[in-house]
Amino acid sequence: MEDALIAIPQSTYPPADTKNTTVKQTIADALARKGYDTLTQVQQAVTQPELEGRDMLVSAQTGSGKTIGFGLAIAPQLLGEDETFGASGAPLALVVAPTRELAMQVKRELSWLYSDAGAFLASCVGGMDMRDERRALARGAHIVVATPGRLRDHIMRGSIDLTAIRAVVLDEADEMLDLGFREDLEFILDETPAERQTLLFSATVPRAIASLATRYQRDAERVSTVSEKTQHADIEYRAMMVAPRDGDNAIINALRYYEAPNAIVFCNTRAMVSRLTTRLSNRGFSVVALSGELTQSERSNALQSMRDGRARVCVATDVAARGIDLPNLDLVIHAELPNSHETLLHRSGRTGRAGRKGVSALVVEPSSRKKAERILKFAKLTADWGVAPSSDEVNERDQTRMLASDDWQVEVTESEQDAVRHLVEKFTPEQIAAAYLRQYKLRHSAPEELAPVTADRPKPRAAFGPSVWFSLSEGRNQNASPRHLLPMICKAGDLTKDDIGAIRIADDVSYVEIREASVSGFLAAVGPGMKIEGSKDVVRLDGAPDVPAFERPRSNRPPKGKPRPRKGDTTPVDWNDAPTPRNRKPKPEDRKPRKAAERGFKQTRSKEHGSTPHRDSSLSEPDVKFTATSAKKKTHKAPANKSNDGSVKPGGKPTKGPPPPKGKPSSKKNRARVSAAKAGKGGEAVPKRRKT
């Protein structure tokens with residue numbers, strides 16, 4: 001994979017213009033109308049002449065103009081030698097985006113980009129009427145923008161024809177894999193022609209993206225416009241330390257301090273979104289919420305409120321906010337720390353787009369500081385650590401903004417002169433200024449008082465200094481551990497933990513480093529016997545010991561599903577190979593056949609439940625068999641060749657197993673048997689059942 005992917009560093013690009021790239025004239029005219037005098041780094045990178053028609057894996061930060069970039073990259077493949085499209089029919093290009101909002105945004109951008117070329121675009125996204133989408137596809141479209149799930153539904157229903165596809169673009173490919181769309185993407189790519197041009201755009205390139213590119217791209221070019229040292233250079237990262245349970249107040253002060261035209265607050269759960277939205281709404285902020293439980297119309301209304309200025313703050317989860325592009329979004333607040341550095345980059349990428357400056361602020365409690373530092377380190381970001389804006393800082397910023405307002409520079413209009421003259425005549429300048437200040441504060445929420453918190457980094461431990469090493473006659477084989485040795489040495493030698501440096505443990509001995517200034521006190525406390533706890537010898541060493549690194553023994557556990565091998569090399573002994581063979585349990589074929597004369601015997605039960613066999617000369621063998629069979633049919637309990645007490649019945653072989661239970665003596669059947677025996681009808685008589 002690495003051999004097929006060629007990185008194009010950011011510093012190799014000169015100032016971009018459309019003359020040095022493969023841009024069609026109709027598209028260049030559309031760019032000029034939109035004010036695109038120069039192209040961004042990623043846009044110029046994908047339009048190099050040597051990359052025309054090639055598969056590309058593009059990694060560029062969010063907000064760098066990727067949508068226009070892949071629109072320019074696929075144009076030569078779609079238009080060929082022409083400047084405009086022909087009649088619309090089966091789609092020529094397929095653009096797949098992770099969310100509805102991003103798909104609709106891509107459609108809007110490509111619509112004006114290909115407007116002069118006469119392109120027809122259609123969308124297939126979840127939450128929209130599928131019948132309208134089928135009608136649009138039936139009318140014909142040159143480019144289809146879709147989400148993975150809805151596009152797969154159309155393919156399986158046969159409402160879209162992919163045989164004419166020339167280019168496929170996967171926008172935010174890493175996000176689609178995170179959302180679990182890998183199976184849908186593979187299904188979609190397998191349904192498209194193999195000779196297509198495939199472009200993968202992703203802010204990050206994890207292993208899953210590289211695997212997808214290896215499978216579905218041919219001789220792909222790796223285009224990277226992300227600097228290895230500076231991620232999101234237009235974004236200022238701040239880590240705000242707050243006291244526990246003071247996070248909501250810090251968010252309120254941060255919103256008030258920056259007063260961004262649009263701001264987004266990220267949470268990890270829908271419950272947090274609901275709670276924080278309610279809190280901000282109660283404090284007077286114009287706020288909307290975005291979470292997975294909202295319908296498509298509710299999401300569209302919320303985003304439209306942010307675009308037209310009716311709302312200034314959006315509280316959202318990671319999944320719900322993916323792909324949204326809000327104008328003038330200058331502030332991103334992480335109410336809860338993200339779970340990975342990729343999520344941090346995607347969250348922060350909502351601001352600082354297209355050359356605008358932005359602020360990404362992390363709300364960090366003292367218990368979460370290590371996690372925040374780790375995430376920033378993995379993201380290769382440097383944040384300014386400090387406390388959240390205090391109420392005094394917010395009030396000072398409010399005064400600065402108030403004095404810098406354009407209202408002071410606007411001349412009094414003719415319609416306002418009478419009211420102004422009346423106010424000046426009736427009130428003093430101080431009263432007018434106080435009234436204006438009060439009205440200004442009424443339009444803004446009051447800042448919160450924050451509890452003090454230490455924002456300084458924890459100081460690294462100072463160098464241990466001169467020291468002396470001692471050995472202790474207890475090691476790993478005696479279950480020695482630093483957790484056990486440290487309190488024992490401190491107690492025996494009258495030391496503190498600051499007086500002890502390194503502790504190294506070998507198999508049968510341990511080594512302890514003690515500060516040189518504390519050695520005399522340690523020796524005095526241990527005594528001349530140099531023993532700890534009466535049995536552990538302490539020896540002073542001349543220098544640091546040479547202890548080999550400890551290696552854990554490798555486990556001989558095989559992979560799951562295979563039996564674990566036995567310890568040792570002794571082979572198991574089968575019971576037939578034992579010195580004294582066991583007596584094998586006899587089997588039915590080994591038993592001697594009974595004499596034919598015994599088949600005519602009949603067993604009778606006595607009052608003491610004993611049995612005495614006797615010859616019944618009045619019955620022939622067929623009669624005996626019939627009697628036994630009749631008894632079997634009548635009792636429905638004991639088998640035909642055994643009686644209830646386990647003895648052998650005539651006409652059958654003995655069977656294995658214990659005799660059937662006799663039941664209680666007072667049971668109805670046993671009482672009937674006893675009565676029959678007394679009447680002389682025989683112990684084998686079975687009471688007749690009542691007919692119902």
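Rounded, prolate or oblate: pick one for the stretch 410-543, where a ≥ b ≥ c are the square roots of the eigenvalues of its C-alpha gyration tensor, a/c under 1.5 means rounded, and failing that, prolate if a/b is larger than b/c, else oblate. Write out the running numbers ahead of the final one.
Numbers: a/c = 6.07, a/b = 5.27, b/c = 1.15.
Taking the square roots of the gyration eigenvalues as a ≥ b ≥ c, the stretch 410-543 is prolate.
Distant-in-sequence amide contacts of A239, defined by a placed amide H-H separation under 5 Å and a gap of 5 or more residues or a different chain, comprise L362, D384, W385, G386.
Amide H contacts of Q197: A167, V168, each under 5 Å away and 5 or more positions distant or on a separate chain (H built 1.01 Å from N in the peptide plane; Pro and chain starts excluded).
Based on alpha-carbon positions alone, could you give the equivalent ellipsoid semi-axes of the stretch 293-342 from the gyration tensor, as √(5λ), descending, whole Å? Before the final figure, lay out each step's value.
Details: eigenvalues 81, 42, 17 Å².
After diagonalising the Cα gyration tensor, the semi-axes are 20, 14, 9 Å.
Remark: the stretch 496-506, residue by residue, has Karplus-estimated 3J(HN,Hα) of 10, 5, 6, 7, 10, x, 7, 10, 10, 10, 9 Hz, where x stands for each Gly or Pro and the curve is 6.51 cos²θ - 1.76 cosθ + 1.60 at θ = phi - 60°. Couplings 3J(HN,Hα) for the stretch 159-168, derived from phi with the Karplus relation 6.51 cos²θ - 1.76 cosθ + 1.60 (θ = phi - 60°), are 8, 9, 9, 9, 6, 9, 5, 10, 8, 10 Hz, where x marks Gly and Pro. Name the shape class, rounded, prolate or oblate, that the alpha-carbon gyration tensor gives for the stretch 175-325, where a ≥ b ≥ c are the square roots of its eigenvalues, rounded holds for a/c under 1.5, and otherwise prolate holds if a/b is larger than b/c and oblate otherwise. The shape class here is prolate. The simple Förster model, with R0 at 30 Å and r as the Cβ-Cβ distance, assigns N328 and K371 a FRET efficiency of 0.45. For the listed peptides 356-366, 435-445, 342-352, a ranking on the average number of other beta carbons within 10 Å per residue, highest first, reads 342-352, 356-366, 435-445. Determine the distance separating the Cα centre of the stretch 50-102 from the Cα centre of the stretch 117-182; give it in Å without decimals. Taking the Cα centre of the stretch 117-182 as reference, the centre of the stretch 50-102 is 14 Å away.
What GluC sites (Glu not before Pro) in the stretch 195-274 are in a loop by DSSP, with at most 15 other Cβ atoms within 10 Å of the Cβ?
On the way: sites: E195, E221, E228, E236, E259; in loops: E195, E228, E259.
Passing sites in the stretch 195-274 are E195, E228, E259.
Label positions at E236 and M130, each projected 7 Å from the Cα along the C-beta direction, are separated by 5.0 nm. Shape class of the stretch 235-397 from the alpha-carbon gyration tensor: rounded, with the ratio a/c of largest to smallest axis under 1.5. Note that the stretch 235-240 has calculated 3J(HN,Hα) couplings of 10, 8, 9, 10, 10, 9 Hz, one per residue in order, obtained from phi through the Karplus relation 6.51 cos²θ - 1.76 cosθ + 1.60 (θ = phi - 60°); glycine and proline are x. Sticking with the crude label model, points 7 Å out along Cα→Cβ, report the distance from E191 to A524 in nm, one decimal please. Here the answer is 8.6 nm between the modelled labels.
Compute the length gained on full extension between R283 and R356: take 0.36 nm times their separation in residues and subtract their Cα-Cα distance, giving the result in nm to one decimal. Could you put the intermediate results ahead of the total?
Numbers: separation 73, 0.36 × 73 = 26.28 nm, distance 2.88 nm.
Here the answer is 23.4 nm.
Distances between placed amide hydrogens fall under 5 Å for V223 paired with L57, V58, S59, all partners being 5 or more residues away or on another chain.
Positive contributions from Lys and Arg (+1) and negative ones from Asp and Glu (-1), summed over other residues with Cβ under 9 Å from the Cβ of T26, come out at -2. Annotation: peptides 152-163, 508-519, ranked by per-residue average of other Cβ atoms within 10 Å with the highest first, follow the order 508-519, 152-163.
Here, each number is a calculation from the coordinates, and none is a lab measurement. Just so it is clear, the structure is predicted and the values come from calculations on it, not from any experiment. Methodologically, a virtual Cβ is constructed for each residue, glycine included, from the backbone with ideal geometry; neighbour enumeration extends over all protein chains shown.
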